[in-house]
Amino acid sequence: MKKALIFLSIMVFGITGGYLYFKEGTLPVNKNEKESKIFVISKGDELTTIANNLSNEKLIRNKIVFFFVVKQMGIEKNIQAGDFRLSSVMDVYEIAQNLTHGTLDIWVTIIEGLRKEEIAQIISKEFSIPEIEFVNLAQEGYLFPDTYLIPRQATAESILTILKNNFYQKYTPELAQKAKGLKLSESEVVTLASLVEREARFDSDRQGVANVLLKRLSENWPLQIDATIQYALGYQPVEKTWWKINLTHDDLEVDSPYNTYRNTGLPPGSICNPGLASLQAVVNADPNTAFRFYVSDKNGHLHFARTIEEHNENIRKYVQ
């Protein structure tokens, strides 16, 4: 009988202690705090990371309690990436609920190699900005690929400024100086980098492509870049893509200044928005490379050749 009473007392004590622990963990950190602060959740942050960050910012009393409250409310999948105005006067339930709506800014990711029309589709979806407005204002090549936290009320002009400012943060004076050594202007570097971006699927191939392009330019050869044909052809309604998948012989004859099969030199401008790796490949290019040709295998890896005979052998080995 005595053992049963002791066991029952321990259980009651444990349940009471657990309840008080949980209850205390749900209370506001500071009921007298008048100031709020901006709390940021990055894309991909896990619940444990969010709980740790809230605790470090003194917005919750207990990260374990926060974790269980979110699970209890069933809102884990509803928590958004973005920034939130929170205060330590909020209890843990208010904090958790606020993280599911009402972000002040929106996370937007732009990947390398998209043309401005594709980026306009992303921006239009997130900010209700008409695609045509964004496209008409955008400068191809300067919409720098990155992940951005953009104010919800941003205009097309302000978003373009954010993207272009980021480009100039990445295109450093050091890179510009290297370009000068190759007698390349900024716009020429960006255009070449856009070609590299579309031609090289893997970082290991970018430098080789940049070398070949500068080699061909120096010898006044046509660049013969399929991606420039795709750019000239524009949107493909059947394939629902801006980059035609299978080019025909007739496509290679398209009458366009972007046709690098019919025209020598660079196209009039960029064909997409390149990332930093492609920009670096261009300014570090060696126009004296021995390679003049390359071909892609079925996995997207490039194989380089010095002569047309080597190139044809690579086609036989990796394409046919």
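Here are a few things to note about the model shown:
- Qualifying positions in the range 79-90 - over 12 Å from Thr103 (Cβ atoms) and surrounded by fewer than 18 Cβ atoms within 10 Å (Cβ to Cβ): Val89
- Filtering Gly141, Gly113 for residues that are surrounded by 20 or more Cβ atoms within 10 Å (Cβ to Cβ), more than 14 Å from the chain's Cα centre (by Cα) and in a loop (DSSP other than H, G, I, E, B) leaves a single hit, Gly141.
- For the range 248-261, a residue qualifies if it is assigned to a loop (DSSP other than H, G, I, E, B) and surrounded by 15 or more Cβ atoms within 10 Å (Cβ to Cβ), and the qualifying residues are Val254, Ser256, Tyr258, Asn259, Thr260, Tyr261.
- Which numbered condition Ser124 misses (of (1) hydroxyl-bearing (Ser, Thr, Tyr); (2) outside any helix (DSSP H, G or I); (3) in contact with an Asp or Glu (Cβ under 8 Å, 6 or more places away or on another chain)): (2)
- Filter result (surrounded by 14 or more Cβ atoms within 10 Å (Cβ to Cβ) and over 17 Å from Lys23 (Cα atoms)) within the range 52-78: Asn52, Asn53, Leu54, Glu57, Ile75, Glu76
- Across the range 281-304, not a single residue is classified as touching an Asp or Glu at 6+ places or on another chain (Cβ under 6 Å) and assigned to a loop (DSSP other than H, G, I, E, B).
- Residue within the range 236-249 that is of a type in the set (A, V, I, L, M), in contact (Cβ under 8 Å) with a residue 60 or more places away in the chain and farther than 14 Å from Ser270 by Cα present: no
- Looking across the range 27-67, the residues that are part of a loop (DSSP other than H, G, I, E, B) and in contact with a Phe, Trp or Tyr (Cβ under 9 Å, 6 or more places away or on another chain) come down to Ser42, Lys43, Glu57, Leu59, Ile60, Asn62.
- Checklist (1) of a type in the set (A, V, I, L, M); (2) in contact with a strand residue (DSSP E or B) (Cβ under 7 Å, 6 or more places away or on another chain); (3) more than 17 Å from Gly113 (Cβ to Cβ); (4) in a helix (DSSP H, G or I) applied to Val209, failing item: (3)
- Every condition in (1) closer than 19 Å to Thr289 by Cα; (2) touching a residue at least 40 places away in the same chain (Cβ under 8 Å); (3) charged (D, E, K, R) holds for Lys183 except the one numbered (2).
Here's the yes/no breakdown for (1) touching a residue at least 24 places away in the same chain (Cβ under 8 Å); (2) under 23 Å from Ser270 (Cβ atoms):
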{"site": "Val70", "(1), (2)": "yes, no"}
{"site": "Gln80", "(1), (2)": "yes, no"}
{"site": "Arg85", "(1), (2)": "yes, no"}
{"site": "Thr100", "(1), (2)": "yes, no"}
{"site": "Glu112", "(1), (2)": "yes, yes"}
{"site": "Leu143", "(1), (2)": "yes, yes"}
{"site": "Gln153", "(1), (2)": "no, no"}
{"site": "Ser158", "(1), (2)": "no, yes"}
{"site": "Thr161", "(1), (2)": "no, yes"}
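- Within the range 40-56, the set of residues being over 22 Å from Val89 (Cα atoms) and either in contact with a Gly (Cβ under 6 Å, 6 or more places away or on another chain) or in contact (Cβ under 8 Å) with a residue 60 or more places away in the chain (or both) comprises Ser42, Lys43.
- Test: residue in the range 178-199 that is surrounded by 19 or more Cβ atoms within 10 Å (Cβ to Cβ) and in contact with a strand residue (DSSP E or B) (Cβ under 9 Å, 6 or more places away or on another chain): yes
- Of all the criteria given as (1) touching a residue at least 60 places away in the same chain (Cβ under 8 Å); (2) over 30 Å from Ile38 (Cβ atoms); (3) not in a helix (DSSP H, G or I), the one not satisfied by Arg216 is (3).
All of the numbers you see were taken from the coordinates with simple rules; none came from a lab. What you see is a predicted model; the values in this text were computed from it and never measured. Please note: Cβ atoms are built from the backbone with ideal geometry, for glycine as well, and neighbour counts cover all protein chains shown.
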